[in-house]
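Let me give you the structure first, and then I'll get to my questions.
The values are calculated or read from the model by the stated rules, or taken from the named source; none is laboratory data. Quick caveat, the model's predicted, so the values are computed rather than measured. FYI the Cβ positions are ideal-geometry reconstructions off the backbone, even for glycines, and counts take in every protein chain you see.
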Amino acid sequence: MDWYGEVLKRKEALLADLRSLLCIPSVKDPATQGPGRPMGAGIAQALDWMLEQAGGSGFRTRNLEGYAGYAEYGDSRGEDYIGVLCHLDVVPATGEWTHPPFEPAIVDGKLYARGAIDDKGPSMAAYYALKIVQESGLPLKHNVRLIFGTDEESGMACVRKYVEEERMPVAAFSPDAGFPIIHAEKGQLNPVFTLDLTAANKEKSTPTCILASFEAGERTNMVPDKAVVRMKAPRPLLERLAAEFQRYGESLGLPCEWMLEESSGSAELMLYGKSAHGAYPMKGLNAALAMAQFLRGYELDAAGAAYIAFLDGKLAGDCYGEKLGIAYKDDISGPLTVNAGILRYEHGKGGSVSLNIRCPVTTDFPAAIAGLEAAAAVSGMSITSIGSKKPHYIEASHPLIRTLQRVYEGETGQEPTLLSIGGATYAGLMGSCVAFGAMFPGKEGTAHQKDEYIELDDLFKATAIYARAIYELANADYADGPEERQ
């Protein structure tokens, strides 16, 4: 069957539906949370819209109290089904965009919008792939479910809810990473370091400057692209500080702004870096850590100095955990990475640093946690909470892998190599599941960045790949049934 040809017949409808979905600002919003909308109004709107479209196409749908939903196709009476795990939530649209992030724009064969590649574009590709299978009338041994999550970017409570209420798929893929096939996903540690004010407030001398506040980042899984600091000091020192800050920004090639406030005797400094996905901090430039490297040269109050010393001494200039004493790596999934994602400090109240650490599949988690605790202790910090996620790994011999390799090679003519990622997808919570597309090898990754986009040709190719994958997975034999969640 000419799967790509079938996609081209429907490309205008696909783009129209994708535009409609991209217009919905489905960012998690605690202010609008409520019954039926646990992630906020925007995400609830996106889920309702997607399920309405699927229902109108003849799929069976279910909304799991706003946490997740699914659209199912097939007439099998068996319990086993194939899962395709998508997500409709997006990260905040920070930075200066060329095009408004929730007003999709097509320019030079690229569709720009927040969620274009992560993950609304791939989700719509999967939806149209299932429509193609449905409209072809080809028989399926197993039913197929498109599962739409709502909290992939900030905790995955959506899929946790799903696996509590629904049987696991016998095999599944998630279109939320890159091609060819992601068979290994790093685990995670998410510690929150808090400044010990009791020790930090012991001033040994009168400070030259007071760090009044320090703020950067909105999500632990995003590299902060802006840091805002407020300093208090005598006017002459503030003027010198501002001039040196301007030169510092220029030396790094980074935009910076400053403002002196006469009435409060303070200066506000703003430094801009480059955002990136928190799984790949080396691809961004952390504005908070760059700011800390500037401030380390000033005589600060004890608490402020301790906070900056931790940022500079344990995090700045090191994405791989060497300064923290946790630089693990392996041949399967590569090196451990560290992203300082949310940083908050206020004079007299304390400070915190929330890290997102991506751990290779062979990481000794207890030893890594012990290393973090030791790093905190010598820095006047404590770890007040630490979340974790186990790594996910599927052997190359698994039938799911072999099927997807055959599909990918057949549709692209390219070698279906197996990859590992630092990012976390739904695959890690679903047993026999891997991440499969939708970004093609060698293409620029713009997920979580300003001016996020997907190339139209890639969108159409991915849809064809997904259609064939759904068909072949739904007609395969799975003697052992679904695997348990890892």
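Residue-by-condition table, conditions (1) touching a residue at least 60 places away in the same chain (Cβ under 8 Å); (2) more than 26 Å from CYS359 (Cβ to Cβ); (3) among the basic types (Lys, Arg):
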position	(1), (2), (3)
VAL223	yes, no, no
ALA233	no, yes, no
TYR248	no, yes, no
ALA290	yes, no, no
PHE294	no, yes, no
GLY304	yes, yes, no
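Could I ask something else about it? With respect to PRO255, is the statement that it is assigned by TED's automatic domain parsing to the domain that holds LEU336, surrounded by fewer than 20 Cβ atoms within 10 Å (Cβ to Cβ), in contact with a helix residue (DSSP H, G or I) (Cβ under 8 Å, 6 or more places away or on another chain) and not charged (D, E, K, R) true? Reasoning before the result, please.
Numbers: assigned by TED's automatic domain parsing to the domain that holds LEU336: yes; surrounded by fewer than 20 Cβ atoms within 10 Å (Cβ to Cβ): yes; in contact with a helix residue (DSSP H, G or I) (Cβ under 8 Å, 6 or more places away or on another chain): yes; not charged (D, E, K, R): yes.
Yes, satisfied.
Return yes or no: is LYS450 on the phi < 0 side of the Ramachandran plot, in a loop (DSSP other than H, G, I, E, B) and without any contact (Cβ under 8 Å) to a residue 40 or more places away in the chain?
Working: on the phi < 0 side of the Ramachandran plot: yes; in a loop (DSSP other than H, G, I, E, B): yes; without any contact (Cβ under 8 Å) to a residue 40 or more places away in the chain: no.
Considered against the rule, which asks whether it is on the phi < 0 side of the Ramachandran plot, in a loop (DSSP other than H, G, I, E, B) and without any contact (Cβ under 8 Å) to a residue 40 or more places away in the chain, LYS450 comes out as no.
If you check LEU289 against the conditions, is it modelled with pLDDT of 95 or more, surrounded by 23 or more Cβ atoms within 10 Å (Cβ to Cβ) and among the hydrophobic types (A, V, I, L, M, F, W, C)? Explain how you work it out, then say what you get.
Numbers: modelled with pLDDT of 95 or more: yes; surrounded by 23 or more Cβ atoms within 10 Å (Cβ to Cβ): yes; among the hydrophobic types (A, V, I, L, M, F, W, C): yes.
Taking the combined requirement at face value, the residue satisfies it.
Could you tell me how many of the residues in segment 132-155 are buried (at least 19 other Cβ atoms within 10 Å of the Cβ) and in a loop (DSSP other than H, G, I, E, B)? Let's see the steps before the verdict.
From segment 132-155, those buried (at least 19 other Cβ atoms within 10 Å of the Cβ) are 132-133, 140, 142-153; that's our starting set.
After this cut, where a residue has to be in a loop (DSSP other than H, G, I, E, B) as well, the list is 140, 142, 150-151.
Residues flagged as buried (at least 19 other Cβ atoms within 10 Å of the Cβ) and in a loop (DSSP other than H, G, I, E, B) within segment 132-155 amount to 4.
Right, next: Would you mention how many residues in segment 11-54 are of a type outside the set (Ser, Thr, Tyr), in a loop (DSSP other than H, G, I, E, B) and in contact with an Asp or Glu (Cβ under 9 Å, 6 or more places away or on another chain)?
The number of residues fulfilling the criteria is 7.
Does segment 211-240 hold any residues that are more than 20 Å from ILE342 (Cα to Cα) and in contact with a strand residue (DSSP E or B) (Cβ under 6 Å, 6 or more places away or on another chain), and which are they?
So in segment 211-240, the residues more than 20 Å from ILE342 (Cα to Cα) come out as 232-240.
Matches in segment 211-240: LYS232, ALA233, LEU238.
May I pose another question? Just a yes or no: is a residue in segment 312-322 surrounded by fewer than 22 Cβ atoms within 10 Å (Cβ to Cβ), aromatic (Phe, Trp, Tyr) and touching a strand residue (DSSP E or B) at 6+ places or on another chain (Cβ under 9 Å)?
Yes, some residue in segment 312-322 is surrounded by fewer than 22 Cβ atoms within 10 Å (Cβ to Cβ), aromatic (Phe, Trp, Tyr) and touching a strand residue (DSSP E or B) at 6+ places or on another chain (Cβ under 9 Å).
Can you tell me which condition TYR248 does not meet? The list is (1) in contact with a Phe, Trp or Tyr (Cβ under 7 Å, 6 or more places away or on another chain); (2) hydroxyl-bearing (Ser, Thr, Tyr); (3) under 30 Å from ILE394 (Cα atoms), and all the others hold.
The failed condition is (3).
Table: residues versus (1) surrounded by fewer than 24 Cβ atoms within 10 Å (Cβ to Cβ); (2) at pLDDT 95 or above; (3) more than 30 Å from ILE357 (Cα to Cα); (4) outside the structural domain of ILE369 (by TED's automatic domain parsing).
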| position | (1), (2), (3), (4) |
| --- | --- |
| ALA177 | no, no, no, yes |
| ALA199 | yes, no, no, no |
| ALA212 | yes, yes, no, no |
| LYS226 | yes, yes, no, no |
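Each row is one residue, and each column tells you yes or no for (1) surrounded by fewer than 24 Cβ atoms within 10 Å (Cβ to Cβ); (2) touching a Phe, Trp or Tyr at 6+ places or on another chain (Cβ under 7 Å); (3) not in a strand (DSSP E or B).
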position: GLU96; (1), (2), (3): yes, no, yes
position: HIS99; (1), (2), (3): yes, yes, yes
position: GLU103; (1), (2), (3): yes, no, yes
position: ALA125; (1), (2), (3): no, yes, yes
position: LEU130; (1), (2), (3): no, yes, yes
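Something else about it: So which of GLU244, GLU250 is under 30 Å from ALA447 (Cα atoms) and in a helix (DSSP H, G or I)? Before you say what the answer is, go through the steps one by one.
Details: GLU244 fails: under 30 Å from ALA447 (Cα atoms).
The match here is GLU250.
Please enumerate the residues belonging to segment 338-360 that are of a type in the set (Val, Ile, Thr) and either modelled with pLDDT under 95 or crowded, with 23+ Cβ neighbours inside 10 Å (or both). Talk me through it step by step, then tell me what you get.
Kept after step one, since they are of a type in the set (Val, Ile, Thr), are these residues of segment 338-360: 338, 342, 353, 357.
Passing the criteria: VAL338, VAL353, ILE357.
State whether the residues of segment 67-90 include one that is touching an Asp or Glu at 6+ places or on another chain (Cβ under 9 Å), surrounded by fewer than 17 Cβ atoms within 10 Å (Cβ to Cβ), among the basic types (Lys, Arg) and without any contact (Cβ under 8 Å) to a residue 40 or more places away in the chain. First the steps, then the outcome.
In the first step, residues of segment 67-90 are kept if they are touching an Asp or Glu at 6+ places or on another chain (Cβ under 9 Å); the result is 67-70, 81, 85-90.
Then keep just the ones that are surrounded by fewer than 17 Cβ atoms within 10 Å (Cβ to Cβ); that gives none.
Within segment 67-90, not a single residue is touching an Asp or Glu at 6+ places or on another chain (Cβ under 9 Å), surrounded by fewer than 17 Cβ atoms within 10 Å (Cβ to Cβ), among the basic types (Lys, Arg) and without any contact (Cβ under 8 Å) to a residue 40 or more places away in the chain.
Step by step: first the residues of segment 262-286, then only those that are among the charged types (D, E, K, R) and over 18 Å from the mean Cα position of the chain (by Cα), then the one that is modelled with the lowest pLDDT. Which residue is that? Lay out the reasoning, then the answer.
Initial filter on segment 262-286 (among the charged types (D, E, K, R)): 262, 268, 274, 283.
Narrowing further to those that are over 18 Å from the mean Cα position of the chain (by Cα): 262, 268.
Working: GLU262: 80, GLU268: 97.
Residue satisfying both the conditions and the ranking: GLU262.
Going by the conditions given, is PHE436 within 16 Å of ALA171 (Cβ to Cβ), outside the structural domain of ASP330 (by TED's automatic domain parsing) and modelled with pLDDT of 95 or more?
Details: within 16 Å of ALA171 (Cβ to Cβ): yes; outside the structural domain of ASP330 (by TED's automatic domain parsing): yes; modelled with pLDDT of 95 or more: yes.
When the stated conditions are applied, PHE436 passes them.
Another question, if that's okay. Given the conditions (1) touching a residue at least 12 places away in the same chain (Cβ under 8 Å); (2) more than 26 Å from the chain's Cα centre (by Cα); (3) not in a loop (DSSP other than H, G, I, E, B), report the number of the one that MET1 does not fulfil.
Checking MET1 against (1) touching a residue at least 12 places away in the same chain (Cβ under 8 Å); (2) more than 26 Å from the chain's Cα centre (by Cα); (3) not in a loop (DSSP other than H, G, I, E, B), the one that fails is (3).
Could you pull out the residue among THR425, THR412 that is hydroxyl-bearing (Ser, Thr, Tyr), surrounded by fewer than 23 Cβ atoms within 10 Å (Cβ to Cβ) and either touching a residue at least 60 places away in the same chain (Cβ under 8 Å) or within 13 Å of ILE181 (Cβ to Cβ) (or both)? First the steps, then the outcome.
On the way: THR425 fails: surrounded by fewer than 23 Cβ atoms within 10 Å (Cβ to Cβ).
The unique qualifying residue is THR412.
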